[in-house]
Each structure stands twice: as C-alpha cells, then as structure tokens.
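The values are calculated or read from the model by the stated rules, or taken from the named source; none is laboratory data. Fair warning: this is a prediction, and the values are worked out from it, not measured in the lab. Because the Cβ atoms are built from the backbone with ideal geometry, glycine has one as well, and the counts that use them run over all protein chains shown. Accessible surface areas use protein heavy atoms only, side chains included; no ligands, DNA or RNA. Shrake-Rupley method; radii C 1.70, N 1.55, O 1.52, S 1.80 Å.
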Amino acid sequence: MTAHQPTAPADLSTETEVALERAATSHRHHELFSARASKIKQSAVRDVFDISLRPGLVSLAGGNPFLQSLPLEKIGGMAYKLVTEHGLTALQYGGGQGMEKLREQICEVMAEEGITDADPGNVVVTVGSQSAQDVACKVFCNPGDTVLCEDPTYVGALNTFEAYEVSVEAVAMDDRGLVPDELRRRIAEVRAAGGNIKFLYTIPNFNNPSGITLAAERREEIVQICQEANILIIEDNPYGLLRFDGRPIPPLRAGHPADVIYMGSFSKILAPGLRIGWALVPAHLQRRFYLASEAVTLCPPTLNQMLVSEYLDGHDWRGQITNYRDLYAERCLAMLSALAEFMPPGVTWTRPDGGFFVWVTLPPGIDTYPLLHRAIDAGVVFIPGAAFTPSDEPSNRLRLAFSAVAGDRIREGVRRLAPVIAEAIEAGAAERTG
C-alpha cells in the first residue's frame, strides 16, 4: 500500500512541506540514506516549472531558450543522416573526454568571446555545464570546505554545493557585478574563522538570476585577488554570446589559463535537450578533472555530440546567435517597458545587457515566496528570490524570465503580477504603521 500523503497548506515553508512528506512516506530503507542525501533538496525552480505547465498561466519563470527560432527541419535532417549513415558510431560508446572534432569546434566558439589560446586537449565535454559543476566539487571539495559565490547565484550550483556538503559564502554584488572589496573582505573573514576556501564560483555575464554583468574593469582585479589568495575561479558562462549589442566582454579566463576553469554550454545557444556542455581546464588540472568526469558519465552522449558538431559545420551558427540576440533584446525591452508601466512605486529592477533574466526588488520586509501562491491565482508565475541565495532568510526579490515568452504575453504577465505586489506593499506599510 502507498502511504497517504497529506496536502500541505499553501503558506507552509518548503522545509515544513519536506518534513511532512518524509513523515508520510517513512520506510525502513530511509535509514540507509547517506548523510549527503539529506543535503539534496528539491529545486524551487523545478517546482515552479511544473506549476507553469498549467493552462492559462503566463510563465515568467523558466529560463528557456526560444527553440522555435531554430532550423528544426534542417537539424532533423542532420540527425536522420547521422543515424542512417553513421549510426554504428553515433549510437556507440565514445571517448570520455568528448569527440576531438567537437572539442576543436568548442575552441572556435570560445574564440568568439576572446579566449583565443584554448587547447582542445584541455577541453572536457560534459553533460551540460551542471555536470561540470558537479565534477569541480568532486575534484576540489571535501565536506566542510568553503566555496564563494555571488549573491544571488544560480540555484543549480547551490544544489550541487549542498550535495557535496560544502559551506557556501556569498559575496555582495552591485549593479556592476561582484564587488572586489567585498571579495577581499569575505576571504579575510572566512579564513579568520578557519574556513578552507577552494574556489570562487561566478557567472560574470548576465548573472542568473540578476541579469547583472561583471564590469570589464573589475575582471582583472577579481582574478588578481584570487591569485594572491590561491583560490581557483570557476567561471560559468552560458549566456556570454547573448550580449544584445553583439560585443561580448572577454571572459575572466581570457589571458589567465592557469587560474580559471571555464564552463560553457550549448543549452542557451543551441538546445538544452542535447545536454552538451564543456569545461576548459588549466593544463595542470586537466587529468584529474577528466578522470572525475569520466567516472560520472563514462562518456558524453555520442549522437548528441555528433549532432552539435554537424550543426556547427552545416549551419550559420553565428547568424543564429545574432537572431537570438535580437529576439531576446526585443523581449527584454518588452519586459522593462511593462515593469515601468504597471509596477507600483517602491519596486526596482535590473536592466540587463543580455541573457534571459530581470531581477525585481520589492521594499524591505516583503517575502516574495508567499506571493508566488497569490501570483498563481492571478495567472502568472515567477521564481522567488530565496531560491538563489545560500541564506535561509526571506527574500524581497524575485526573478522574471523573458526569453521564452512573446512580447504581448510578457506584458500580460507583468500586468497580472503588479496588483499582487501592490497589495503586498500596502499590507506591509499598514503593518509597519500599526
């Protein structure tokens, strides 16, 4: 028999809901779980993705690329040809580091942003950049070690860090990205408390969730700070080529081959369903990283690698990226215009130069997590800000995604969301005045 699972009230915290589920599904095998398993939590983003599939809702939650702009028939023909003419290779095991040809092509992709010294031998093809984050933790982190990250940062990375039982310490950002003086201060604080810092995890271009870009003039200083402190940099850059003006800022890795592990992905510039990403690893770290990656996946999917390679060979992928830039710039403008039109006083938001996201800040004291349920009732979905920080404190921020939604639907979604936020602001003001 399946144990009855009670339905948690909408205003309960995620932790309470998890506790209720655990109590309702108690089983003798639970005692076999590792201590690490208890650190792995359901992603708030995944929860909202499931909700966003409901008919009639406007989803401003998911950071999905707009696949309708891809030449799907052409890609389908490429896949058919690969299976029918090269199926014995495409459907077979492959090398653990990834196809040599694809690794060479990845170096061409990175050169578009300014990494011109990449050696294909130091590229490790991974199952999306999420897998590369997992491998980095496996290779460098012991339980109790410290990882530094921006605040806010990517929820998937936070989930990975939790699973490896590391301490995550956030470094403050402003509208120009990670603040160098704050990085110095956090390093000093963590080390004074006995912490062992292994790496800085950063999304310098159009940070997920904030959309903020690390200013070009700060990048060299950030690298120098980490060099002096002997802290590795993990640079996660899935959005870098999607700068609206078509002029990407050189990554932190450009010019610093020994100090930065650079992670890229085809999820945002081609298709996430292919699950092909990569890590450009310093030469002296490559073997350990590669062996750990092979231990996780054995080999990245051969058919998917060959399809990405065929796409890069047989399609104007640079032109496709230009199309994406234009599309996302238009949708970003639609969102910024709608926010200006509908949002009540006291609400602010970022103005990204690329990527998928806008970060909205409400007045202090308003928790956006409970607002999600009211927004769903109003017909719109967003991601609460608490998902993107290692802090357990409530957040007065939320993430809106514009990449996969047409301009008129973006406007409608913001129009539906604005009264929910206005009501929360009014209630907060009334509570403060007593």
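What the table shows:
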{"item": "Hits in segment 276-305 (condition: hydroxyl-bearing (Ser, Thr, Tyr), within 14 Å of residue 103 (Cα to Cα) and open to solvent by 20 Å² or more (accessible area, probe 1.4 Å))", "result": "290"}
{"item": "Strands (runs of 3 or more DSSP E) within segment 144-257 that include 2 or more residues of a type in the set (Gly, Ala, Ser)", "result": "167-174"}
{"item": "All positions within segment 367-389 that are surrounded by fewer than 17 Cβ atoms within 10 Å (Cβ to Cβ) and in contact with an Asp or Glu (Cβ under 8 Å, 6 or more places away or on another chain)", "result": "370, 373, 374"}
{"item": "Flag for residue 273 being surrounded by fewer than 23 Cβ atoms within 10 Å (Cβ to Cβ) and part of a helix (DSSP H, G or I)", "result": "yes"}
{"item": "Check on residue 114, more than 16 Å from residue 286 (Cα to Cα) and outside any helix (DSSP H, G or I)", "result": "yes"}
{"item": "Which listed residue, of 404, 329, is open to solvent by 20 Å² or more (accessible area, probe 1.4 Å), within 30 Å of residue 270 (Cα to Cα) and in a loop (DSSP other than H, G, I, E, B)", "result": "404"}
{"item": "Which numbered condition residue 125 misses (of (1) open to solvent by 40 Å² or more (accessible area, probe 1.4 Å); (2) assigned to a strand (DSSP E or B))", "result": "(1)"}
{"item": "Count - residues of segment 392-404 that are touching a strand residue (DSSP E or B) at 6+ places or on another chain (Cβ under 7 Å) and either at pLDDT below 95 or of a type in the set (A, V, I, L, M) (or both)", "result": "3"}
{"item": "Among (1) modelled with pLDDT under 95; (2) within 19 Å of residue 305 (Cα to Cα), the one test that residue 57 misses", "result": "(2)"}
{"item": "Residue match in segment 240-247 (condition: in contact (Cβ under 8 Å) with a residue 60 or more places away in the chain, crowded, with 22+ Cβ neighbours inside 10 Å and within 16 Å of residue 389 (Cα to Cα))", "result": "no"}
{"item": "Extreme residue, modelled with the highest pLDDT, among residues of segment 356-378 that are more than 19 Å from residue 174 (Cβ to Cβ) and hydroxyl-bearing (Ser, Thr, Tyr)", "result": "368"}
{"item": "Residue, nearest to residue 155 (Cα to Cα), within segment 51-109, restricted to residues that are β-branched (Val, Ile, Thr) and in contact (Cβ under 8 Å) with a residue 12 or more places away in the chain", "result": "51"}
{"item": "Test result for residue 89, of a type in the set (S, T, N, Q), at pLDDT 95 or above and assigned to a helix (DSSP H, G or I)", "result": "yes"}
